[in-house]
1. Determine the distance separating the Cα centre of region 305-347 from the Cα centre of region 88-113; give it in Å without decimals.
2. Taking only protein heavy atoms into account and a 1.4 Å probe, give the accessible area per residue of region 65-107 in Å².
3. What is the log10 of I(q)/I(0) for region 52-165, computed with the Debye formula using one identical point scatterer on each Cα and no solvent, at q = 0.11, 0.20, 0.24 Å⁻¹?
Amino acid sequence: MRYFFLPLVFLFYHKILYLCPSKYLFLNKREKEMRRTTIMCVLLFATVIVAAQRQTEYNRQGDEAKNNRDFSNAKIWYEEGLPNCDPYSINQLTSIWLADETMRMMMRNVMSRCLECLTSAAELKDTVSINKLIRYYTEGIGTSKNEAKVEFWKDRLRLIRETTETNVTVKKPPHKKVKMDFFLGYSASLYSPYGLTAGGIGKTIGWYLRYRTNMSFRSYTAEYNNPKDIIEGLDGAYDITGNETINMWIGTGGVIVKATPSFYISAGAGYCNRERLCEFRKMGDVIAVPQEVIIWTKYNDKISTFKGLALDLDATFRIGKVLYGSLGCSVLNFEYASANAGIGVFF
């Protein structure tokens with residue numbers, strides 16, 4: 001407490017300033033008040049620092065004496081923490097009581113004060129202090145052994161723990177299984193305008209399967225690999241007529257990710273097949289009456305006819321609870337790019 005005299009200096013500070021030759025005499029009233037306020041803050045801050053240093057000092061001195069087995073001197077230092085019920089001081093005094101039986105006679109008053117501090121903290125539901133009280137009454141530290149008190153504080157400790165566990169425990173809601181929404185819709189692209197898409201989506205992720213075609217499934221009789229207008233070797237010569245058709249189908253599958261409740265992004269891969277078919281007419285004999293024979297051949301130019309990888313990337317917009325629409329693009333064998341669109345329903 002002797003360190004708390006420092007703020008009193010402020011009360012006489014302005015008087016001292018008047019006695020000292022300085023520029024203080026020429027300051028206006030507002031500047032003088034600011035000076036006094038600043039000095040007061042500095043003195044208060046210094047007081048707090050000194051008090052904190054003092055609190056740690058008695059424990060440090062007590063530890064040093066205890067380490068040297070000077071329990072009498074250590075008791076004196078630790079005793080300074082009892083007015084504030086310093087938990088560290090109480091712990092160290094308790095350890096001295098247990099370590100040296102010869103100290104117990106002179107420590108009865110000190111340990112009674114420790115008991116009072118622990119009782120005050122225990123009444124505020126401090127479980128650490130309650131555990132120490134149980135030990136005090138069990139071993140007779142600073143008081144006589146008292147089984148009734150031991151049972152009383154054990155019951156209090158049990159009640160506090162049960163209450164704390166009840167308050168802290170949060171009942172987890174039962175796990176609700178998210179129902180998967182299935183969908184089916186019409187899908188079309190530039191080169192395959194007829195198709196179906198089917199799939200399902202759960203809480204955040206789903207799947208889809210898609211098939212598209214141009215509805216041309218014409219068969220062919222022969223193949224040729226160059227742009228010649230005549231094919232030979234098929235029982236005569238054939239002349240190209242200029243008529244063409246394309247057989248095409250695309251099958252893909254992939255994953256859907258729910259970005260928002262009404263906006264999904266999907267990506268997938270699969271297989272595509274494109275065949276360019278050309279019509280040929282059999283050339284008749286010059287002498288005989290010409291007889292027209294038509295055949296279809298597949299033109300293998302590796303650009304208009306190919307088999308390979310198909311890639312999809314689409315964005316789907318859910319419209320209400322039932323309808324959806326989609327827009328996207330496909331890459332076919334890294335040769336063609338095609339826009340996609342679709343519409344369908346969830347069920």
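The values are calculated or read from the model by the stated rules, or taken from the named source; none is laboratory data. All figures in this text were calculated on a predicted structure; none of them were measured in a lab. The area values use the complete protein model at the heavy-atom level, side chains included, leaving out ligands, DNA and RNA. Shrake-Rupley method; radii C 1.70, N 1.55, O 1.52, S 1.80 Å.
1. 83
2. 54
3. Calculated log10 I(q)/I(0) at the listed q: -0.37, -1.02, -1.28.
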